Amino acid sequence: MGVLSRHEIQTLLLPMATLAVVLAPIFWINPNTMSYFGLGLLLNLAVPMILASMAQLCIIAVNDLDLSIGAFISLVSCIAVTWLPERPVLGVAALVACVLLYAAIGALVELFDLPSIVVTLGLSFVWGGWALILLPMPGGATPQWIQDVMNLAIPVIPTPIVYAVLIALCAHWFLMRSSTGVRLRGAGGNPKAIVRSGGSVVRAKALMYGLAGVLGILSALTLVGITTSADANIAQRYTLISIAAVILGGGSFIGGKVSPIGATLGAITLGIAASFLSFLNIAPKWQIGLQGAILIIVLSMRILLSARGERQ
């Protein structure tokens with residue numbers, strides 16, 4: 001069996017084409033962006049976005065939606081620049097507690113049949129409040145080892161591209177190829193089948209929420225490794241970006257239908273869309289709206305292509 005099936009390759013065609021459409025004008029306007037340094041600079045901030053998108057993908061795969069991931073990443077960023085450098089034991093304990101709390105939320109959502117949108121929306125205020133208490137003003141100090149990881153210079157290929165490929169392939173193997181990943185996705189796509197086969201949907205959702213918590217922590221650490229500081233709202237926009245990246249990459253709100261590689265391409269596309277619009281000299285106040293317009297156009301094309309494929 002190859003790395004990707006024919007259906008998976010077809011699913012990736014649209015996000016790959018969208019990324020090419022966004023990259024081509026940037027390369028044409030400023031050829032220096034095609035260099036090792038230029039690509040590294042252009043894609044550096046995409047790494048934490050990719051990890052945030054993978055966290056959201058885990059939640060969407062079990063037929064839920066996480067409206068708190070941006071606030072959660074902001075909270076972890078505050079922990080990373082306050083407790084980790086000065087009190088590392090307390091910092092690590094706080095991060096472990098965050099993952100356990102995330103897993104408990106997943107179990108509670110399934111046990112009591114709670115709407116994940118409402119629960120995570122409420123949680124976003126909790127995460128945001130804790131972040132403000134921990135770091136009322138922007139600042140802090142990022143541990144040197146995190147900065148070293150993010151500033152690592154890999155020969156020939158820009159480091160952000162290497163990180164993006166590793167994240168995409170590891171997530172693809174675990175969720176789409178390993179038996180554990182298939183069972184976890186089954187909790188969203190066909191929970192009755194999981195129960196009939198002796199599995200537990202509650203355990204599956206707890207594991208996927210816990211995994212989302214781990215990926216959220218990694219997103220926060222890579223973010224502060226790049227910015228070298230944090231604030232309580234540093235990653236608020238990651239909530240909507242992560243949802244858009246998963247859907248842009250071929251995912252669906254119907255549980256179990258996700259594409260880790262597609263979500264990676266979607267996160268990179270949305271990450272560099274702002275650069276693309278800046279190269280076109282479009283004012284920042286219009287950029288968010290135009291990013292949304294790009295997403296709507298791509299999703300409309302996807303629906304049209306799907307309808308055409310069904311007719312054929």
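The values are calculated or read from the model by the stated rules, or taken from the named source; none is laboratory data. Model, not experiment: these values are computed from the prediction. Using ideal geometry, Cβ is built from the backbone for each residue, glycine included, and neighbour counts are taken over all protein chains shown. Side chains are part of the model used for accessible areas, which takes the heavy atoms of the whole protein and leaves out ligands, DNA and RNA. Shrake-Rupley method; radii C 1.70, N 1.55, O 1.52, S 1.80 Å.
Summary of values
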read-out	value
Search result, residues across the stretch 125-156 that are of a type in the set (Val, Ile, Thr) and either under 25 Å from Thr82 (Cβ atoms) or touching a residue at least 60 places away in the same chain (Cβ under 8 Å) (or both)	Val126, Ile133, Thr142, Ile146, Val149, Val156
In the stretch 164-179, residue nearest to Leu42 (Cα to Cα) [restricted to those that are open to solvent by less than 40 Å² (accessible area, probe 1.4 Å) and under 15 Å from the mean Cα position of the chain (by Cα)]	Ala164
Test: Asn44 is under 23 Å from Val162 (Cα atoms), open to solvent by 20 Å² or more (accessible area, probe 1.4 Å) and touching a residue at least 60 places away in the same chain (Cβ under 8 Å)	yes
Residues being in contact (Cβ under 8 Å) with a residue 60 or more places away in the chain and in contact with a Pro (Cβ under 7 Å, 6 or more places away or on another chain) - total across the stretch 85-112	0
Test: residue in the stretch 261-281 that is at pLDDT 90 or above and among the polar types (S, T, N, Q)	yes
Checklist (1) under 28 Å from Pro115 (Cα atoms); (2) buried (at least 24 other Cβ atoms within 10 Å of the Cβ); (3) of a type in the set (Gly, Ala, Ser) applied to Gly199, failing item	(2)
Subset of the stretch 127-141 (residues that are surrounded by 15 or more Cβ atoms within 10 Å (Cβ to Cβ) and closer than 24 Å to Leu101 by Cα)	Trp127, Gly128, Trp130, Ala131, Leu132, Leu134, Leu135
Residues located in the stretch 218-240, provided they are under 13 Å from the mean Cα position of the chain (by Cα), of a type in the set (A, V, I, L, M) and crowded, with 24+ Cβ neighbours inside 10 Å	Ala220, Leu223, Ala235
Count of residues meeting criterion [surrounded by fewer than 23 Cβ atoms within 10 Å (Cβ to Cβ) and either assigned to a helix (DSSP H, G or I) or modelled with pLDDT of 90 or more (or both)] in the stretch 248-260	0
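Every residue, every condition in (1) on the phi < 0 side of the Ramachandran plot; (2) open to solvent by less than 40 Å² (accessible area, probe 1.4 Å); (3) at pLDDT 90 or above; (4) touching a His at 6+ places or on another chain (Cβ under 8 Å), yes or no:
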position: Ser74; (1), (2), (3), (4): yes, yes, yes, no
position: Pro85; (1), (2), (3), (4): yes, no, no, no
position: Ala104; (1), (2), (3), (4): yes, no, yes, no
position: Pro115; (1), (2), (3), (4): yes, no, yes, no
position: Leu121; (1), (2), (3), (4): yes, no, yes, no
position: Pro143; (1), (2), (3), (4): yes, yes, no, no
position: Val149; (1), (2), (3), (4): yes, no, yes, no
position: Ile154; (1), (2), (3), (4): yes, no, no, no
